[in-house]
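First comes the structure, then the notes that go with it.
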Amino acid sequence: MKRSRSVYLDHAATTPVDKQVFEAMRPYFFEHYGNPSALYGEAQIANGAVNDARRAIAEVLQALPDNMIFTSGGTESNNLAILGVARACAEQEKHIITVATEHHAVLEPVAQLKKEGWKVTILPVDKNGFVKAEDVVKAIRMDTLLISVMYANNEVGTIQPIAEIGRQLLRYRKEKGRSVYPFFHTDACQAAGYLDLNVEKLHVDLMTVNGSKIYGPKGVGLLYARRGVNLQPIVFGGSQERHIRAGTENVPGVVGLAKALELIQRTRESENQRIMKLAEYFWKTVQKKIPGVKLNGPEMGKGRLPNNLNIVFPGIDGEALVIYLSSYGVMCSTGSACTAVAREPSHVLAAIGKNPDEIHSSVRFTLGKSTSKQNIDYTIQSLQKALKLVGKDLN
Ligand SMILES: *Cc1c(COP(=O)(O)O)cnc(C)c1O
């Protein structure tokens with residue numbers, strides 16, 4: 001089908017690769033393709049590139065280069081953080097704390113530990129998706145080994161108070177004489193493009209970042225693990241990544257991840273403002289043209305990622321709306337990319353108290369670098385047309 005336009009508003013699902021990122025990766029496909037573990041010069045160039053990437057990322061995170069473990073993406077990093085800490089530290093089942101609105105890549109490994117006999121606390125959130133730092137600390141028991149709280153939510157954009165949780169956790173450890181436990185992990189996949197990743201300021205022990213949400217390549221990720229956090233591997237084989245993650249390094253991927261993180265963090269403040277203005281304009285105009293709409297999650301500018309709009313169109317089938325919009329070239333989604341296929345009602349929207357009708361009528365628009373005012377205007381026109389087709393003209 002030939003389309004006059006295409007407007008991509010699904011940046012929370014994944015982003016296109018930045019051209020500069022691709023150019024940085026290119027030599028490691030064609031010229032410097034050696035295995036970084038080999039001894040000849042060509043391979044050492046690849047090895048050097050992986051180490052340069054480690055250093056560049058360490059600078060962004062204000063961490064040490066050898067705190068970085070490269071993985072196959074956000075999912076593996078989260079699994080390694082949770083299962084790796086659990087299996088390295090505990091001779092017996094212990095307790096783990098997480099939050100109801102986490103990504104499945106956190107909730108599922110936690111569910112796996114529960115099956116293996118671990119005690120699990122899944123904290124509820126308020127109507128905007130926030131967890132309170134006090135509530136996290138109150139849930140800690142003497143056998144709590146790990147706390148995992150996402151930095152920003154992929155469906156409704158809620159930014160959790162990670163630094164505040166970190167500060168209260170430091171106080172707890174001091175008071176209870178537990179020098180390092182419980183460890184604190186954050187899934188920063190959605191935050192990495194928009195928020196400060198300084199691990200010292202956040203007081204986190206472990207942090208997950210991936211390439212595919214920050215204009216880097218898909219299938220590559222990073223787990224930051226502070227020195228002193230022992231991890232048992234979840235992938236066994238060679239001795240790569242300090243014996244923590246076996247397998248030949250994804251050299252172009254790692255180079256791309258580092259470049260993407262550097263680029264996005266360098267421009268994030270001005271870009272956040274630009275995107276925020278566009279998102280505000282989008283939301284104001286939608287409210288004007290389509291009465292009855294509601295925003296899921298926090299108000300704009302109040303602890304919400306600047307690029308996220310998750311909107312309830314009352315009485316409308318969200319999935320049908322997404323499909324009609326796609327016929328105009330507008331790409332957006334219901335819930336997260338992962339649940340879009342499974343067609344399960346969003347656990348995030350349920351956790352913030354939305355009823356099944358509201359969940360069914362919710363559509364997520366996530367803006368990004370390519371989004372312009374013209375894109376937004378076109379999207380709103382398309383929305384009005386699509387809503388008529390979905391069967392109910394709300395004008
Ligand atoms: C995308 C995403 C993941 C999964 O990352 P992959 O690289 O696709 O494995 C995990 N957590 C959050 C918050 C995400 O947005």
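Once both labels are modelled 7 Å past Cα along the beta-carbon direction, what's the Ser370-Lys385 spacing in nm?
Here the answer is 1.9 nm between the modelled labels.
Given 4 °C and 1.567 mPa s, compute D for segment 42-143 with the Stokes-Einstein relation, Rh being the Kirkwood radius over Cα pairs; round to the nearest whole µm²/s.
81 µm²/s
Can you pull the one-decimal nm distance between simple spin-label points at Lys294 and Arg5, each 7 Å off the Cα toward Cβ?
Label-label distance for Lys294 and Arg5, simple model: 3.0 nm.
Compute the helix-to-body angle for 162-176: its Cα long axis versus the longest principal axis of the chain, expressed 0 to 90° and rounded to tens.
Taking Cα atoms only, the helix is inclined about 40 degrees.
Extension gain Gln20-Arg178, at 0.36 nm per residue separation less the Cα-Cα distance, in nm?
Residue separation times 0.36 nm, minus the Cα-Cα distance, leaves 52.4 nm.
Which one of Thr285, Leu325, Pro252 has its Cα pushed farthest toward the positive end of the charge dipole of segment 240-332, where Lys and Arg give +1 and Asp and Glu give -1 at the Cβ?
Final value for the positive-end residue is Thr285.
Quick one: of the DSSP bridges fully inside the chain, what percent are antiparallel, nearest 5?
55 percent
Please compute the modelled spin-label separation between Asn272 and Asp377, points set 7 Å along Cα→Cβ, answer in nm with one decimal.
Spacing of the two 7 Å Cα→Cβ label points: 2.9 nm.
Taking only the alpha carbons of segment 196-305, what extent do you get along each of the three principal axes, in Å, biggest first?
Result for segment 196-305: principal-axis Cα extents of 59, 29, 26 Å.
Kirkwood Rh over Cα pairs of segment 155-259 into Stokes-Einstein at 10 °C, 1.306 mPa s: D in µm²/s?
Stokes-Einstein gives a translational diffusion coefficient of 103 µm²/s.
Tell me, in nm to one decimal, what length is gained between Lys119 and Asn230 on full extension, where the rule is 0.36 nm per residue of separation less the Cα-Cα distance?
Extra length from Lys119 to Asn230 when fully extended: 37.9 nm.
By the gyration tensor of its Cα atoms, with a ≥ b ≥ c the square roots of the eigenvalues, what is the shape of the chain: rounded for a/c under 1.5, prolate for a/b over b/c, or oblate?
Note, shape of the chain comes out oblate.
Can you tell me what the convex hull of the Cα atoms of segment 244-395 projects to on average, as an area in nm²?
For segment 244-395, the mean projected area of the Cα convex hull comes to 11.4 nm².
Just want to confirm a number: the relative contact order over the chain, from Cα pairs under 8 angstrom separated by 6+ residues, in percent.
Averaging sequence separation for qualifying contacts and normalising by length gives 23 percent for the chain.
Limiting things to C-alpha atoms, what are the Rg and the maximum Cα-Cα separation (Dmax) for segment 1-80, in angstroms?
Expressed in Å, the Cα Rg and Dmax of segment 1-80 come to 17.0, 53.
Each value in this text was obtained by applying a stated rule to the coordinates, not by laboratory testing. These numbers come from a predicted model, not from an experiment. Using ideal geometry, Cβ is built from the backbone for each residue, glycine included, and neighbour counts are taken over all protein chains shown.
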